[in-house]
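For reference, the structure is listed below as structure tokens.
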Amino acid sequence: MIKADKIIYSKRKTISLSVDKDGRVIVRAPLKCSDRRINEALSDSESWIKKQLKKYGESRLITDRYSVEDGGKILLLGDEFEIRFADIKSADVKGKTIFLPENKNLQEQLKTLFKKIAVGYFTERTEYFSSLTGLVPSSVKVTSAKTRWGSCNVEKRINYSLSLVMCPLNVIDYVIVHELCHIKHMNHSPLFWSEVEKIIPDYRERRKWLRDNQYISDLI
């Protein structure tokens, strides 16, 4: 039987179940909810929970392939790059190898390099799709956001997550078009998705890729 790793009681009326990014089964329940009700909810959702745990296990196997160390591997623009330590002042990339200065904050060095690449690439692709759609943002920034791949506010400011720079090129394009379309529709209405589909006909597949590979945001 599925067991809860954590139970959070609050002033809510219903029971909610989730599996977090660490593979823990989380139950959110009303203040006076009995153990019996919680166990029934877990039992009723057993197949769904097992499916989520399987996805977590698969993503962990993939994540374990990547590490920021000498000889390790990391993703960049959808491709695998090898990491090598070198006697240099700042991170650099040549061919399919990323060189990091030894004895320095490796994560920060890698993030600095990735942000430089992301800013250039995301800006270029945003300008390209802006020319196709006529939708022009007031600014484009790359942030350290972990919960979203991208965002667009009412002031037409678009933010992209740094983690997005590790995704395949076609997935990056989908996120860019998605955020540009929010300039016209600040919602996820049928009109919004119709606008996205005009440019990315297979957006559903690319969107699914992001859902199935959320683990990427934990690599850096």
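The values are calculated or read from the model by the stated rules, or taken from the named source; none is laboratory data. Here the structure is a predicted model, which means the values were calculated and not measured. Counting neighbours? That spans all protein chains shown, and the Cβs are built from the backbone with ideal geometry, glycine included.
Filtering the range 13-49 to residues that are of a type in the set (K, R) and within 29 Å of the chain's Cα centre (by Cα) leaves K21, R24, R28.
Conditions (1) in the same structural domain as L180 (by TED's automatic domain parsing); (2) in a helix (DSSP H, G or I); (3) β-branched (V, I, T), marked per residue:
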site	(1), (2), (3)
K50	no, yes, no
V68	no, no, yes
F85	no, no, no
V93	no, no, yes
P137	yes, no, no
T147	yes, no, yes
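Within the range 104-122, residues that are polar (S, T, N, Q) reach partners that are crowded, with 18+ Cβ neighbours inside 10 Å with beta carbons closer than 9 Å, at six or more positions or on different chains, in the pairs Q107/I220; Q109/A91; Q109/L100; T112/A91. Set side by side, the residues S163, S151 differ, and just one is part of a helix (DSSP H, G or I) and either in the same structural domain as K116 (by TED's automatic domain parsing) or farther than 25 Å from I74 by Cα (or both), which is S163.
Is there a residue being part of a helix (DSSP H, G or I), in contact with a helix residue (DSSP H, G or I) (Cβ under 7 Å, 6 or more places away or on another chain) and under 17 Å from M166 (Cβ atoms) anywhere in the range 96-112? Yes; the residues of the range 96-112 include at least one that is part of a helix (DSSP H, G or I), in contact with a helix residue (DSSP H, G or I) (Cβ under 7 Å, 6 or more places away or on another chain) and under 17 Å from M166 (Cβ atoms).
For the condition modelled with pLDDT of 95 or more, of a type in the set (A, V, I, L, M), in a strand (DSSP E or B) and surrounded by 21 or more Cβ atoms within 10 Å (Cβ to Cβ), what is the one hit in I158, I176, I172?
Values: I176 fails: in a strand (DSSP E or B); I172 fails: in a strand (DSSP E or B).
That would be I158, the only listed residue that is modelled with pLDDT of 95 or more, of a type in the set (A, V, I, L, M), in a strand (DSSP E or B) and surrounded by 21 or more Cβ atoms within 10 Å (Cβ to Cβ).
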